[in-house]
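One structure below.
The values are calculated or read from the model by the stated rules, or taken from the named source; none is laboratory data. Note that the structure is a prediction, hence the values are computed from the model and not measured. FYI the Cβ positions are ideal-geometry reconstructions off the backbone, even for glycines, and counts take in every protein chain you see.
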Amino acid sequence: MPRPRQFDLICFDWDGTLFDSTAIIVRSIQQAVVDVGGARPSDAAAAYVIGMALVPALAHAAPDVPREKYPELAARYRHHYMARQSDISLFEGILPMLDELKQRHHWLAVATGKSRRGLDEVLASRQLHGVFDGSRTADETAGKPNPRMLHELMREFGAAPERTLMIGDTTHDLQMALNANCASVGVSYGAHRPDEFNALRPCYIAPSVAELRRWLNESA
């Protein structure tokens, strides 16, 4: 097979990058914190932790909630998220973009703060089996921005850091790529503001799925 132009392995974050779930995650975090007696975090504070592993994310978003309540806090988050999960869908244009990348012989992977169970459920429900060649979740490796999940994916596929691209909507994603010595692309339609990305040296900041698809066609 012909080798891709620049990147052999392209890793995607899930929530806020491929999956239009940012608003529902923010509301679920806010309601979970209130359920266990904490002060309702702001939209910005709740959005900041998207992409992190669940318990550290909730702890950061709810600093006034005592540690012994973290299991209840996590359970309440899952309750609110699952109640809305059927309302979430892939961003328009994602599937054609992924299909084009597959046709150009890139390996495609998911590197996400979701749990393995949560990722497997949504991949099955959206009928995406066969689209991705690999994946890592926060509960089976280290959470972002620790580079371990990217290191594991690179070893799995024999991809060098300079031929690996991480695409995500948060500073956690881009910092993970930087920590792993990989290239990155930020998307500004997700959880974090694009002005926070520049210090992490992304190759490109995509304002839409259409622009991400165009950049990948021209540059990946």
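Tabulated values for the structure
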item: Which listed residue is under 16 Å from the mean Cα position of the chain (by Cα) and within 24 Å of residue 33 (Cβ to Cβ), from 109, 142, 57; result: 57
item: Close pairs (7 angstrom Cβ cut-off, 6 or more residues apart or separate chains): more than 12 Å from residue 187 (Cα to Cα) in segment 198-220, assigned to a helix (DSSP H, G or I) anywhere; result: 200/171; 200/174; 200/175; 200/178; 201/178; 216/97; 216/101; 217/100
item: Qualifying residues in segment 81-104 (those that are part of a helix (DSSP H, G or I) and modelled with pLDDT under 90) - the one farthest from residue 46 (Cα to Cα); result: 86
item: Residue in segment 65-106 that is nearest to residue 220 (Cα to Cα), counting only those that are surrounded by 13 or more Cβ atoms within 10 Å (Cβ to Cβ) and basic (Lys, Arg); result: 104
item: All positions within segment 136-158 that are out of contact with any helix residue (DSSP H, G or I) (no Cβ under 6 Å at 6 or more places or on another chain), within 12 Å of residue 13 (Cα to Cα) and without any contact (Cβ under 8 Å) to a residue 60 or more places away in the chain; result: 149
item: Identity of the residue in segment 167-185, among the β-branched types (Val, Ile, Thr) and free of Cβ contacts under 8 Å to residues at least 40 places away in the same chain, that ends up surrounded by the most Cβ atoms within 10 Å (Cβ to Cβ); result: 185
